[in-house]
Amino acid sequence: MAPALDSALRRGSNECGKKKKRVGPGVTFGGGRIAVDLWKTAGTSARHFFLTHCHTDHTHGLTPSWRHGPIYCSPITARLLKVMFDLDDSLLRPLEVNESHQLADFCVTLLEANHCPGAVMFLFESDSFGTVLCTGDMRHDHRMEKMFATEPAFMRLQKLTIDHIYLDNTYLDEKIAEFPTREEAISE
Ligand SMILES: [Zn+2]
C-alpha cells in the first residue's frame with residue numbers, strides 16, 4: 001500500500017487501537033443514528049442515511065418505496081439513484097465532493113474514492129462519536145496518492161487521528177500479489 005493512505009490507516013489502527021473491519025454490507029454508528037450503505041431499518045434507530053456509491057452490493061435493501069429518510073451521497077450518485085430507483089428528489093441530498101458539510105451535530109466530508117463514477121468515502125467528525133472514516137469501495141493507486149498531495153480535503157485527512165475506520169476489504173488479501181490496474185480491468 002502506498003504511503004499516504006497506509007499512514008492514515010495505521011494511525012487509525014495503532015494510535016487508537018480501535019480499527020474495525022466491516023463484516024457485512026453497511027454499518028451504523030453515532031448511537032445508531034448514522035447508517036452508511038445500510039438499508040435494513042428494522043431494529044435500528046438510523047435517521048441519517050449515506051450511500052458511498054451505486055453498486056448493487058451497497059444498495060442491497062434499498063427500493064423505490066424507500067421512505068425512511070433522506071439519502072446523502074455525491075451529486076453523481078444522486079442522479080444514478082433517481083434512474084435506478086425512481087426516488088423522489090425530496091429524498092435525495094447530494095453533497096459536493098471534497099467539501100465538508102455540517103449536518104445535525106456532526107460534520108461529514110465526501111472524499112473521492114477513485115472507484116466508479118460518483119463513489120466517495122465519508123469522513124465523519126463529531127464531538128460525541130469522534131472521527132470515523134467509511135471507505136466504501138476505493139482504489140488506492142497513483143491517482144489517490146496524487147489527491148493526498150494536491151487536494152485540500154485529502155491533505156487534511158492525512159493530519160487527522162481517526163478513531164474508527166470501516167474499511168471495505170473485499171480484495172484486501174495479502175495473498176493476492178497482483179491486483180489489476182484500472183486500465184487492465186477496463187480492457188478485459
Ligand atoms: Zn463498488
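The values are calculated or read from the model by the stated rules, or taken from the named source; none is laboratory data. All of these numbers come straight from a predicted model, not from anything done at the bench. Note: ideal-geometry Cβ built from the backbone for every residue, glycine included; neighbour counts use all protein chains shown.
Structure notes:
- Evaluated against (1) over 23 Å from Gly31 (Cα atoms); (2) modelled with pLDDT of 95 or more; (3) not acidic (Asp, Glu), Cys116 falls short on exactly one condition, (2).
- Condition check for Asp163: surrounded by 14 or more Cβ atoms within 10 Å (Cβ to Cβ), touching a strand residue (DSSP E or B) at 6+ places or on another chain (Cβ under 7 Å) and either farther than 14 Å from Cys107 by Cβ or modelled with pLDDT of 95 or more (or both): yes
- Residue match in segment 135-147 (condition: under 15 Å from His101 (Cβ atoms) and either modelled with pLDDT of 95 or more or surrounded by 14 or more Cβ atoms within 10 Å (Cβ to Cβ) (or both)): no
- All positions within segment 120-139 that are within 16 Å of the ligand (Cβ to nearest atom) and under 8 Å from the mean Cα position of the chain (by Cα): Val120, Met121, Phe122, Cys134, Thr135, Gly136, Asp137
- Remark: Val83 falls outside the filter, which requires a residue to be touching a residue at least 24 places away in the same chain (Cβ under 8 Å) and within 20 Å of His58 (Cβ to Cβ).
- Selection status of Leu91, more than 17 Å from the chain's Cα centre (by Cα) and either polar (S, T, N, Q) or more than 16 Å from the ligand (Cβ to nearest atom) (or both): yes
- Residue pairs meeting the criteria (Cβ under 8 Å; at least 6 apart or on separate chains; first free of Cβ contacts under 8 Å to residues at least 40 places away in the same chain and closer than 17 Å to Asp89 by Cα, in segment 42-66; second acidic (Asp, Glu) and more than 16 Å from the ligand (Cβ to nearest atom)): Pro64/Asp86
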